[in-house]
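What follows is a set of notes on a single structure, which appears directly below.
The values are calculated or read from the model by the stated rules, or taken from the named source; none is laboratory data. Quick caveat: nothing in here was measured; it's all calculated off a predicted structure. Reconstructed Cβ throughout: ideal geometry from the backbone, glycine too, with neighbour counts over all protein chains shown.
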Amino acid sequence: MWFSRLTKTLIWLAVAVMVVFGVMLGALAMKPDGTLEDLLAWLPKRQASFDRQGGSQILLEVDKDDLIKNRLETVRDDVRSLLRDARIGYTGLAGSGREVKVRISDPAQIDAAKTALRIFTDPVAGANPVEEIALDEPEPGLLKLTITDAGVKLRTSMALVRSMDVVKLRVSESGASEPIVQQQGDDQILVQVPGLRTPVRFKDILGRTGKLTFQMVDTSWPVQDALDNRPPRGSSVLYSQDDPPVPYLVEDRVVVSGDSIVDAKATYNSAMNEPVVSFNFDSKGTTRFAQATSQNVGKPFAMILDNQVLSAPVIREPILGGSGQISGNFTNESAKDLAVLLRSGPLPARLKIVEERTIAPGGGQN
């Protein structure tokens, strides 16, 4: 198709305007209260401020092993549900590496099992559909689901987008002054904080997955027996953050997850004489927590952060209001950090710190 010189000029001008507008939107997301003039000058000023003051620079990378592990656990649980719903008998359901394997008990049900599991092999929709998971039968009756290289790349890309949002929230709410958060390549995030010289607490906030769950404590089995032998089916032994750590036998079933928390803040419980974290659930979390606490009065439940038990109080009465408190021998600082983690939401996978630098004023490295 032929375009006049004027038309071409207008097209290129429109493209340039869209690019500038995109940059402005990105700046607005990081500085929502800025004026138009502020937004136009925001990015170069931030970088100039960091170059002038120096500070801490941290390069984070999506932990692909953790990402694959989480995805594999989800696939395994979904396989269990799909086969049960289809009334297909199976044994040996397990996952390792990038694979989930399951043996179909009745040879006559193998085709039905493949049909039930076909949901995993359907290409993920998009401009370029991706086969995330491949299904094959290496031997009669044994079905194997494998996460493909393209699937890992897809999940990494999705995790990076979500992680950028979480990191921006954590950085902005942790008290950092004029931070810079930028994507680096396909799986990394660069964080620069002007003037920061001791980033220990800051690194801890960025490096934690922040996955909070509420689960019932399994009181049907002595925890020592579970340690000496093996936990009963459907429960696991988790440890507290105390020194030395205290073991708890916890049911694997999650009553409510941290995804249902809509607000959290560090407060002080005068009755307990210690800092705590107060939180509020959304409507779904409120309903599920009310049901669980109503049905389990007199039993302990565990508040678990990244597979560590924060506390395990006994349910004295149904908790119906959709709010609560988390205690756990917090300091004022650690309570504030936990509140930041809960407000920002969990990371889809752990972020590894692959590089850390202290930049001296003027750009020199320490």
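Below are the figures for this structure:
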read-out: From Asp225, Asp243, residue being in the same structural domain as Ala290 (by TED's automatic domain parsing), without any contact (Cβ under 8 Å) to a residue 24 or more places away in the chain and farther than 27 Å from Leu342 by Cβ; value: Asp225
read-out: Any pair with Cβ under 9 angstrom, 6 or more apart, that starts in the stretch 333-361 at a residue that is over 30 Å from Phe281 (Cβ atoms) and in contact (Cβ under 8 Å) with a residue 40 or more places away in the chain and ends at one that is surrounded by 15 or more Cβ atoms within 10 Å (Cβ to Cβ) and aromatic (Phe, Trp, Tyr); value: Ile359/Phe50
read-out: Among the candidates Asp51, Asp66, Asp78, residue that is within 26 Å of Gly207 (Cβ to Cβ) and at pLDDT 90 or above; value: Asp66
read-out: The stretch 284-339, residues that are acidic (Asp, Glu), part of a helix (DSSP H, G or I) and loosely packed, with under 14 Cβ neighbours inside 10 Å; value: Glu333
read-out: Search result, residues across the stretch 136-161 that are crowded, with 16+ Cβ neighbours inside 10 Å and either in contact with a Leu (Cβ under 6 Å, 6 or more places away or on another chain) or within 26 Å of Asp259 (Cβ to Cβ) (or both); value: Leu145, Ile147, Gly151, Val152, Leu154, Arg155, Thr156, Ala159, Leu160
read-out: Filtered residues of the stretch 327-347 (kept if modelled with pLDDT under 90 and touching a Ser or Thr at 6+ places or on another chain (Cβ under 7 Å)); value: Ser327, Gly328
read-out: Residue match in the stretch 92-104 (condition: among the β-branched types (Val, Ile, Thr), farther than 29 Å from Gly210 by Cα and outside the structural domain of Ala264 (by TED's automatic domain parsing)); value: yes
read-out: Residue that is farthest from Lys64 (Cα to Cα) [pool: residues in the stretch 182-199 that are buried (at least 20 other Cβ atoms within 10 Å of the Cβ) and among the aliphatic types (A, V, I, L, M)]; value: Leu196
read-out: All positions within the stretch 93-117 that are more than 29 Å from the chain's Cα centre (by Cα) and in contact (Cβ under 8 Å) with a residue 40 or more places away in the chain; value: Arg103
read-out: Conditions (1) outside any strand (DSSP E or B); (2) at positive phi: number failed by Gly92; value: (1)
read-out: Test result for Tyr268, hydroxyl-bearing (Ser, Thr, Tyr) and buried (at least 21 other Cβ atoms within 10 Å of the Cβ); value: no
read-out: Residues being surrounded by 19 or more Cβ atoms within 10 Å (Cβ to Cβ) and part of a loop (DSSP other than H, G, I, E, B) - total across the stretch 340-351; value: 5
read-out: So Ile261, is it assigned by TED's automatic domain parsing to the domain that holds Ser235, without any contact (Cβ under 8 Å) to a residue 40 or more places away in the chain and either crowded, with 17+ Cβ neighbours inside 10 Å or among the hydrophobic types (A, V, I, L, M, F, W, C) (or both); value: no
read-out: Residue in the stretch 171-188 that is nearest to Phe202 (Cα to Cα), counting only those that are touching a residue at least 60 places away in the same chain (Cβ under 8 Å) and among the acidic types (Asp, Glu); value: Glu173
read-out: Residue ID - surrounded by the most Cβ atoms within 10 Å (Cβ to Cβ), chosen from residues in the stretch 162-176 that are more than 16 Å from the chain's Cα centre (by Cα) and hydroxyl-bearing (Ser, Thr, Tyr); value: Ser174
read-out: Strands (runs of 3 or more DSSP E) wholly inside the stretch 150-219 containing at least 1 residues that are modelled with pLDDT of 95 or more; value: 188-194, 212-216
